[in-house]
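The values are calculated or read from the model by the stated rules, or taken from the named source; none is laboratory data. Computed from a prediction, not measured in an experiment: that's the story for all the values here. Here the Cβ positions follow ideal geometry from the backbone for every residue, glycine too, while neighbour counts run over all protein chains shown. Each accessible area value is taken on the protein alone, full model and side chains, heavy atoms only, with ligands, DNA and RNA left out. Shrake-Rupley method; radii C 1.70, N 1.55, O 1.52, S 1.80 Å.
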Amino acid sequence: MNQTQWIPTEDSIEQNLKKISLVARVIVGIFAVVSAVIGLIVGQVFIVLPVGIVIAVLVVRSVHHGAEQKVLETIGGIPASEVEHARLFNVVEGLCVTSGDHKPEIRIVKADYPVALAVGFPGSHGTIVVSHGFCESMDRVETEAVMAHLLWRLRSNNAALNTYLLALTSFLAKLGLSSIARRVVARLSEPSHIMIADIKGCEATRYPPAMESALNKCLTHSGENIQVGCPVLWFAVPDT
């Protein structure tokens with residue numbers, strides 16, 4: 001296992017954190033501009049502007065504090081059993097020992113498709129979610145490759161960025177701002193990170209071809225409609 005190559009660089013970690021911070025600043029800025037315009041129209045700019053900024057800060061804090069839980073509620077599932085899913089726990093623990101990171105929570109969702117995804121946010125250990133189909137179809141080396149992929153996304157804060165964007169999208173949609181939410185997500189999401197995570201997972205596993213094998217097993221389920229949310233967090237989705 002190539003630990004040196006697998007662990008993300010500080011640059012990749014900080015880059016995703018800066019994007020989260022950028023979105024927060026943009027939200028506050030938009031609220032400030034809108035409040036200033038309204039304040040000028042009604043002739044109460046020194047009252048309306050501070051109120052708008054306070055509301056923006058509260059919105060940002062709400063999204064930050066509830067992002068991970070909100071996304072997990074959307075995905076669903078139950079905590080995995082250390083007895084029934086012993087292999088999964090052993091693989092994750094082994095990878096975490098190598099990287100020196102805390103072990104994330106593990107949850108199980110009902111789906112025949114081999115769903116595997118990571119949800120996280122700075123300050124938490126994160127959560128890995130897999131389906132019954134994943135546990136039944138993947139052997140140990142394939143499981144190790146996919147878990148390495150997901151753990152890299154957690155460590156690089158790629159999962160944190162996507163978790164935040166999903167929570168923000170949900171919040172803005174409630175305000176009737178779905179189109180703005182889609183633009184923000186499209187602007188900041190980086191699909192290339194999935195390929196990078198695949199490469200890092202190959203570098204971490206003792207049997208790199210296992211990643212290809214895991215992807216091929218996902219390919220056999222292509223076109224399926226799975227009732228599990230947040231595909232942007234998935235290791236692989238049916239239509240790709």
**Message:** List the pairs from LYS70/LYS110; LYS103/LYS217; LYS174/LYS200; LYS18/LYS103 whose alpha-carbon separation is above 29 Å, in the order I gave them.
**Reply:** LYS174/LYS200
**Request:** Return the carbon/sulfur percentage of the accessible area of the stretch 127-185, one whole number, probe 1.4 Å, all protein chains in place.
**Result:** 59
**Prompt:** Using a 1.4 angstrom probe and counting only protein chains, how large is the accessible area of LEU22 in Å², to 10?
**Reply:** 80
**Message:** Treating only the Cβ of Lys, Arg, Asp and Glu as charged (+1, +1, -1, -1), what charge dipole size does the chain show about its Cα centre? Round to the nearest 20 debye.
**Reply:** 920
**Message:** Per residue of the stretch 65-76, what does 6.51 cos²θ - 1.76 cosθ + 1.60 with θ = phi - 60° give for ³J(HN,Hα)? Whole Hz please, x for Gly and Pro, Karplus curve as stated.
**Reply:** 6, x, 4, 5, 5, 4, 5, 5, 5, 5, 6, x
**Prompt:** Using the alpha-carbon atoms, what tilt in degrees (0 to 90, nearest 10) does helix 158-174 show relative to the longest principal axis of the chain?
**Reply:** 50
**Request:** Mind grabbing the accessible area of CYS202 for me, 1.4 Å probe, Å², rounded to tens?
**Result:** 40
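Please give the per residue accessible area of the chain, computed with a probe of 1.4 Å over protein heavy atoms only, in Å². Provide the component values of the computation, followed by the final result.
Working: 12200 Å² over 240 residues.
Heavy-atom accessible area per residue stands at 51 Å².
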**Fill in**
With Cα coordinates, the longest principal axis of the chain makes an angle with the long axis of helix 10-42, in degrees rounded to 10, of 20
**Item:** C-alpha long axis of helix 178-188 to longest principal axis of the chain, angle in °
**Value:** 60
**Request:** Read through the labelled values [x] 28, 21, 16; [y] 61, 17, 15; [z] 37, 18, 15 and report the label of the one computed as semi-axes √(5λ) of the Cα gyration tensor in Å from the structure.
**Result:** [z]
**Prompt:** Tell me which aspartates and glutamates have Cα within less than 20 Å of LYS19's Cα, excluding those fewer than 8 residues away on the same chain?
**Reply:** GLU10, ASP11, GLU68, GLU190
**Asked** Tell me, what is the 1.4 Å probe accessible area of ASP198, in Å² to the nearest 10?
**Response** 30
**Request:** Whenever you get a sec, line up MET195, MET138 from highest to lowest accessible area (probe 1.4 Å, protein heavy atoms).
**Result:** MET195, MET138
**Request:** Taking the Cα centre of the stretch 119-239 as origin, work out the dipole magnitude from +1 charges on Lys and Arg Cβ and -1 charges on Asp and Glu Cβ, in debye rounded to 20.
**Result:** 560
